[in-house]
Amino acid sequence: MHDIQKQTITDPEILLLSHSVIPEIDTVAQLKRYAKKKLVNASKWNLVTGDKKQIYELARKSYLAVKDAGDGGPYDMIHTENFMLIDKKRQIRGFYDGTDPEEIERLLEDIKILKASYKN
């Protein structure tokens, strides 16, 4: 994610968002420490936390980030390295393995294609 931040830092149309997978531990203060350590630019990349049930429901139903079912309860766990490209209409345009450099390059190329489509 840091590489994507670096390569898109001057483009105000591209924003990065990371959701906590363990919100009971990832307090706002904890996320601020992480952001400082990882050189997160707050105007480009937001780290968010909140209610576990809401985050997990969002991951499962809106982002389709995971295929398993769960209730967001104390023993429910979601963790994925997937990155998603979401367009201005909040539609999913792609899924990418965030641990694979080739997938990150594909994501950056897909961003260019998506941006070009808005010009037409």
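The residue list Ser117, Ile104, Met84 was ranked by how far each Cα lies along the charge dipole of region 81-120 toward its positive end, using unit charges on Cβ atoms, and Ser117 comes out on top. Placing +1 on each Lys and Arg Cβ and -1 on each Asp and Glu Cβ, with no other charges, gives region 81-120 a dipole about its Cα centre of roughly 560 debye. How big, on average over all directions, is the shadow cast by the Cα convex hull of region 81-120, in nm²? Its average projected convex-hull area is 2.6 nm².
Between Leu15 and Glu105, 0.36 nm times their residue separation minus their Cα-Cα distance comes to what?
Details: separation 90, 0.36 × 90 = 32.40 nm, distance 1.67 nm.
30.7 nm is the gain from fully extending Leu15 to Glu105.
Take the Cα of Arg90, step 7 Å toward its Cβ, do the same at Ser43, and the gap between the two points is 2.6 nm.
What is the gain in length, in nm to one decimal, between Ile22 and Gln5 on full extension, counting 0.36 nm per residue of separation less the C-alpha to C-alpha distance?
Details: separation 17, 0.36 × 17 = 6.12 nm, distance 2.28 nm.
That works out to 3.8 nm of additional length.
Only the coordinates and a few stated rules stand behind these numbers; no lab work does. These numbers come from a predicted model, not from an experiment. Neighbour counts are summed over all protein chains in view; Cβ atoms, including those assigned to glycine, are modelled from backbone coordinates with ideal geometry.
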